[in-house]
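Have a look at the structure below, then the notes.
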Amino acid sequence: MSDSEPTCPDQPLNSELAAILAEVAAAPPGWEHRLTPDARLDGDLLLDECELADLALRLRERFGASADLAALRAGLDLAGLEALTLADVQALLPEEDAR
């Protein structure tokens, strides 16, 4: 989300990340079409704080300490939190898992 860490909205979304998101959100059928790299966690996917905390936990469990969504969110102001996208989350994943 910061200027020093550009996002990659053109990169396809990691399938494991998509599966984790669907579980965390208890997604209804058809929800997957919302899962694009430029989808905002807040404004587009409508994830609440409990879902975001669950997502952060599952990302660290699956991808390791570098996938620290909580730390990323802690460093953002309100506008940054509102603008946080799946591409930003995917950028946290280890390179071999980010694809």
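Tell me, please, whether a residue that is touching a strand residue (DSSP E or B) at 6+ places or on another chain (Cβ under 9 Å) and modelled with pLDDT of 95 or more can be found in the range 58-70. Walk me through how you get there before you give the answer.
Step one: of the range 58-70, the residues touching a strand residue (DSSP E or B) at 6+ places or on another chain (Cβ under 9 Å) are none.
No: the range 58-70 contains no residue that is touching a strand residue (DSSP E or B) at 6+ places or on another chain (Cβ under 9 Å) and modelled with pLDDT of 95 or more.
For the range 53-71, which positions are farther than 17 Å from residue 16 by Cβ and in contact with a helix residue (DSSP H, G or I) (Cβ under 7 Å, 6 or more places away or on another chain)?
Answer for the range 53-71, where residues must be farther than 17 Å from residue 16 by Cβ and in contact with a helix residue (DSSP H, G or I) (Cβ under 7 Å, 6 or more places away or on another chain): just 70.
Considering only the range 39-93, state which residues are touching a residue at least 60 places away in the same chain (Cβ under 8 Å), among the hydrophobic types (A, V, I, L, M, F, W, C) and closer than 16 Å to residue 15 by Cα.
The answer is 86, 87, 89, 91, 93.
Mind listing just one residue for me: the one in the range 1-15 that is over 17 Å from residue 83 (Cα atoms) and over 11 Å from the mean Cα position of the chain (by Cα) and, of those, modelled with the lowest pLDDT? Talk me through it step by step, then tell me what you get.
The first filter runs over the range 1-15 and keeps only residues over 17 Å from residue 83 (Cα atoms), leaving 11-15.
If we keep only those that are over 11 Å from the mean Cα position of the chain (by Cα) too, we end up with 11-12, 15.
Working: 11: 72, 12: 85, 15: 90.
Here the residue is 11.
The values are calculated or read from the model by the stated rules, or taken from the named source; none is laboratory data. These numbers come from a predicted model, not from an experiment. As a convention, Cβ positions derive from the backbone with ideal geometry for all residues, glycine included, and neighbour counts pool all protein chains shown.
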